[in-house]
Amino acid sequence: MLPFQIERIYLDFQAENDWVTQHVLQSLPEVPVKGVGDKRGLIKNALSMADPIGEGKRNLFITRFYGKRLKPCPGTSRHICCGYFVINTVTNCPMDCSYCVLQGYLNNPFLTLYSNWDDLLQEIESFLSVDCRPFSRLGTGELSDSLALEPLFPFSQYLVPFFAQKNAILELKTKTTEVQNLLSLDHRGRTVVSWSLNPPRMIEEEEKGTALLRDRIEAARRCQEAGYPLGFHFDPMIYFEGWEKEYEEVVQLLFSRIDPKRVIWISLGGFRYPPQLKGIAEERFPQTRIFLGELFPGKDGKIRYFKEIRKEMYQKMVKTLKEVNPDLFVYLCMESPEIWKEVFGWSPQNSSHLNEFFEERIKKFIGR
Amino acid sequence: MKTIQEIPLKQIDITDETFSVNFMPDLQRLRSSLQTVGLIQPVLLKRRERDYQIVSGFRRVWVWQELERDSISAMVFGGQEKNDLEFFLLSLEENLTTRRFNMVEKAMALQKLHRLFQVDSLEIIKTYLPLFSLEPHEKILNTFLALAEMEEEVKTYILREEVSRFNIRLFGKMGSEDRLTLIPILSHLKLGESRLREMLTLLLEISQRDGQRIKDILRRSDLQSILSQKELTPPQRTERVKKFLFCLRNPRMSEKEEAFKKKVASFHLPEGISIHPPPFFEGRGMKLAFQFRTTEEYRAVVDFLSKLGGKEEFKALIQNF
């Protein structure tokens, strides 16, 4: 039983014979399948609908991807980023968060699964064979949720053992509880399973279709038992009346179930968005209150909370987290050196410098 | 081919506006044309048991009546010849060939198709939006349906100020009382498209955030006092109102701006010198601007700035950036 609804599968004729395609079709025997020869026409037609994004989430498009599927995370200009690499296995997501940047970012609204899987593994293999960094971090959770489509195709069963043999880290970022496939895998600590966390009220109001907070934490606990390093992302942190207390309660609940020593990293990122998102999201989520904060354009053109507000939120969260365990590795996502300094009293000089801290952290964690 | 008949005006029901799509019609030109050359195009009427219903030609009938004529040339249809939707479409087609519909008239026509004649939304989007030179999109239909529901005063403002569809949507998010309180205020301000958008957005967001009706925000005494300052020009009043709403919407940013201004004011900068924080206080470094016309003025500026650099309060301000 899927936790979300797929009404139709659009199958690119060129992907018909891929084994991944066959696997997905077997997972969804009841769902009608429509063959597609004209991909552009399909997308153009979808884009003319009243809510192409909502429509796209209910329709799975299986196709092949012909470009590069492993890329450096675009991060953001004039801010410090973590030097992550993005693996493109799926684009779009069946869940529907009001703040999701994909709403304004993807020009193909369909939940799209790329069936030329063997090519992808080959691409990752080639990348890692020439990559001289000791522990590059790669993740599938940027253009989709890493685990949301596990019931259709068990990505993790291929990726986790693959990375177990490498000196690189795979991060599976999710808001789901789809961890069953992971539990029996031999991961050798090379896969970090991480959850995006927010207070229950924000999950209910702004993260439609995602798992409840306590269920996410329970899924994390199961992964902890299976020996996986865990990551948590308080991103986006949302400023609302009562935020301090509610975020503190999330931290308390989290560490009542999770051993801080099993947590490899925690990121903090204030709600931010590209200017075009507001119009799209307000139309799709007329009740959203997420844009009611004091939000202003930053040096990279993205809109963020007023600096004083971000500073206050990060300082409070870092204090709360460090009280749990001073050794927790906490970092800021897409923030300026000024904010880093005000929050931590120091700042990485640039993104590569931050990346070095990650490498040290991973070595320490894996070597333990 | 229908024959043209002379129909007495008193037999025409001018109160029945079932097929009328008129808002703020400019009758002056028509009046002058009818006076000069008379009626060229007969009106279209539907015969009823006791009188005639106007299908097309409302404006001509109004002016004709104003000119105190007794009868008008008309093409008369039997009541059973077409259904009401067909009559309405006939009216639309006839009108579209002779004049342009304004925004409100398009809205009225679409609302009639939707509500009165029960035409399916998809059919309206596909067939009728292009008829009015509108993009076939649900969002567009919803914008026009919302406009049709608005009050006369709001519709008049929208037409007069040529308000964009985006801003019409913002008006559509407000309640009727809110709009009716807002329109007289907007009419006293100097607002272009983007200023109007900014102001409507601020009002809507303050209202949503604080759970307060827009009409109540607008009735606040501090805002009313800005509006009642007669010495302000419309652009000055607009600026003050905008600033007021911005502060209400962004209290922490406004507090920071105010503190910065106070600090800078304490330096008693001479005229022509100004100090600015980075945009939205994001990033590092302040901006200094100065003006001079003569070498003496330039020296005075440099001298002042040099002394300013030695002041502890100034050093403290710099440290924050």
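The values are calculated or read from the model by the stated rules, or taken from the named source; none is laboratory data. Quantities reported herein were computed from a predicted structural model and do not represent experimental measurements. No Cβ is skipped: glycine too gets one built from the backbone with ideal geometry, and neighbour counts run over all protein chains shown. With ligands, DNA and RNA removed, areas are computed over all heavy atoms of the protein, side chains included. Shrake-Rupley method; radii C 1.70, N 1.55, O 1.52, S 1.80 Å.
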Worksheet item: Within segment A:313-336, which residues are within 14 Å of chain B (Cβ to nearest Cβ) and within 19 Å of A:LEU197 (Cβ to Cβ)?
Response: A:MET313, A:MET334, A:GLU335
Discussion item. Tell me the residue from A:LYS311, A:LYS307, A:LYS302 that is of a type outside the set (A, V, I, L, M, F, W, C) and under 22 Å from the mean Cα position of the chain (by Cα), please.
Written reply: A:LYS302
Worksheet item: Going by the structure shown, is A:VAL251 in contact (Cβ under 8 Å) with a residue 12 or more places away in the chain, open to solvent by 10 Å² or more (accessible area, probe 1.4 Å), β-branched (Val, Ile, Thr) and more than 14 Å from every other protein chain (Cβ to nearest Cβ)?
Response: no
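Residue-wise test of (1) closer than 30 Å to A:ILE366 by Cβ; (2) surrounded by fewer than 16 Cβ atoms within 10 Å (Cβ to Cβ); (3) without any contact (Cβ under 8 Å) to a residue 60 or more places away in the chain.
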site	(1), (2), (3)
A:GLY189	yes, no, no
A:GLU206	no, no, no
A:ALA219	yes, no, yes
A:GLN224	yes, no, yes
A:PHE232	yes, no, yes
A:GLU244	no, yes, no
Fill in: Subset tally (residues that are surrounded by 11 or more Cβ atoms within 10 Å (Cβ to Cβ) and either in contact (Cβ under 8 Å) with a residue 60 or more places away in the chain or under 30 Å from A:ARG78 (Cα atoms) (or both)) for segment B:285-312
3
Discussion item. Among the numbered criteria (1) more than 16 Å from A:ASN325 (Cα to Cα); (2) without any contact (Cβ under 8 Å) to a residue 24 or more places away in the chain; (3) open to solvent by 10 Å² or more (accessible area, probe 1.4 Å), which one does A:SER256 miss?
Written reply: (1)
Discussion item. Given (1) out of contact with any strand residue (DSSP E or B) (no Cβ under 6 Å at 6 or more places or on another chain); (2) modelled with pLDDT under 95, identify the lone condition not met by A:VAL20.
Written reply: (2)
Worksheet item: What number of residues within segment A:137-161 are closer than 10 Å to A:THR191 by Cα and either more than 15 Å from the chain's Cα centre (by Cα) or assigned to a loop (DSSP other than H, G, I, E, B) (or both)?
Response: 3
Practice prompt. Report whether or not A:ILE339 is away from every other protein chain (no Cβ under 11 Å) and either surrounded by 19 or more Cβ atoms within 10 Å (Cβ to Cβ) or touching a helix residue (DSSP H, G or I) at 6+ places or on another chain (Cβ under 8 Å) (or both).
Written response: no
Worksheet, complete the sentence: So, first residue within 17 Å of A:CYS81 (Cβ to Cβ) in segment A:126-150, second residue assigned to a strand (DSSP E or B) and open to solvent by 30 Å² or more (accessible area, probe 1.4 Å), Cβ within less than 9 Å, six or more apart or across chains; the pairs are A:GLY139/A:LYS173; A:GLY141/A:LYS173; A:GLU142/A:LYS173
Discussion item. So for segment A:334-344 (the condition being closer than 15 Å to A:ILE264 by Cβ and assigned to a strand (DSSP E or B)), does at least one residue qualify?
Written reply: no
Discussion item. For segment A:162-172, give me each residue that is assigned to a loop (DSSP other than H, G, I, E, B) and in contact with a Lys or Arg (Cβ under 7 Å, 6 or more places away or on another chain).
Written reply: A:LYS166
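Condition check ((1) part of a loop (DSSP other than H, G, I, E, B); (2) more than 11 Å from chain A (Cβ to nearest Cβ); (3) touching a residue at least 60 places away in the same chain (Cβ under 8 Å)) across all residues:
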{"site": "B:LEU204", "(1), (2), (3)": "no, no, no"}
{"site": "B:ILE217", "(1), (2), (3)": "no, yes, no"}
{"site": "B:ASP222", "(1), (2), (3)": "no, yes, no"}
{"site": "B:GLU231", "(1), (2), (3)": "yes, yes, no"}
{"site": "B:ARG237", "(1), (2), (3)": "no, yes, no"}
{"site": "B:MET253", "(1), (2), (3)": "no, no, no"}
{"site": "B:GLU257", "(1), (2), (3)": "no, no, no"}
{"site": "B:VAL264", "(1), (2), (3)": "no, yes, no"}
Worksheet entry | Condition check for B:LYS2: among the basic types (Lys, Arg) and open to solvent by 50 Å² or more (accessible area, probe 1.4 Å) | yes
Discussion item. Looking only at segment A:44-70, how many residues end up being under 30 Å from B:THR143 (Cα atoms) and in contact (Cβ under 8 Å) with a residue 40 or more places away in the chain?
Written reply: 11
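Search segment A:278-307 for residues being more than 21 Å from A:LYS57 (Cα to Cα) and β-branched (Val, Ile, Thr), and hand back the single one that is surrounded by the most Cβ atoms within 10 Å (Cβ to Cβ).
My answer is A:ILE290.
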Worksheet item: Given B:ARG179, B:ARG165, B:ARG213, which one is open to solvent by 40 Å² or more (accessible area, probe 1.4 Å) and more than 30 Å from B:GLU86 (Cβ to Cβ)?
Response: B:ARG213
Discussion item. So for segment A:28-45 (the condition being of a type in the set (D, E, K, R) and touching a Leu at 6+ places or on another chain (Cβ under 8 Å)), does at least one residue qualify?
Written reply: yes
Practice prompt. For segment B:266-298, enumerate the residues that are part of a helix (DSSP H, G or I) and within 13 Å of chain A (Cβ to nearest Cβ).
Written response: B:PRO279, B:PHE280, B:PHE281
Worksheet entry | Residue ID - surrounded by the fewest Cβ atoms within 10 Å (Cβ to Cβ), chosen from residues in segment B:5-48 that are among the polar types (S, T, N, Q) and touching a residue at least 12 places away in the same chain (Cβ under 8 Å) | B:GLN35
Worksheet item: Quick one: A:VAL330 ticks every box in (1) farther than 30 Å from B:ASN167 by Cβ; (2) touching a Pro at 6+ places or on another chain (Cβ under 9 Å); (3) open to solvent by less than 20 Å² (accessible area, probe 1.4 Å) bar one, so which box is it?
Response: (2)
Item to complete: Give segment A:49-83 a look and list any residue that's within 14 Å of chain B (Cβ to nearest Cβ) and either modelled with pLDDT of 95 or more or closer than 27 Å to A:GLN5 by Cβ (or both), or say none.
Response: A:MET49, A:ALA50, A:ASP51, A:PRO52, A:ILE53, A:GLY54, A:GLU55
Practice prompt. Would you tally the residues in segment A:278-312 being among the charged types (D, E, K, R) and at the interface with another protein chain (Cβ under 9 Å from one of its Cβ atoms)?
Written response: 7
Discussion item. Regarding segment B:173-184, can at least one residue be identified that is over 30 Å from B:GLN229 (Cα atoms) and within 14 Å of chain A (Cβ to nearest Cβ)?
Written reply: no
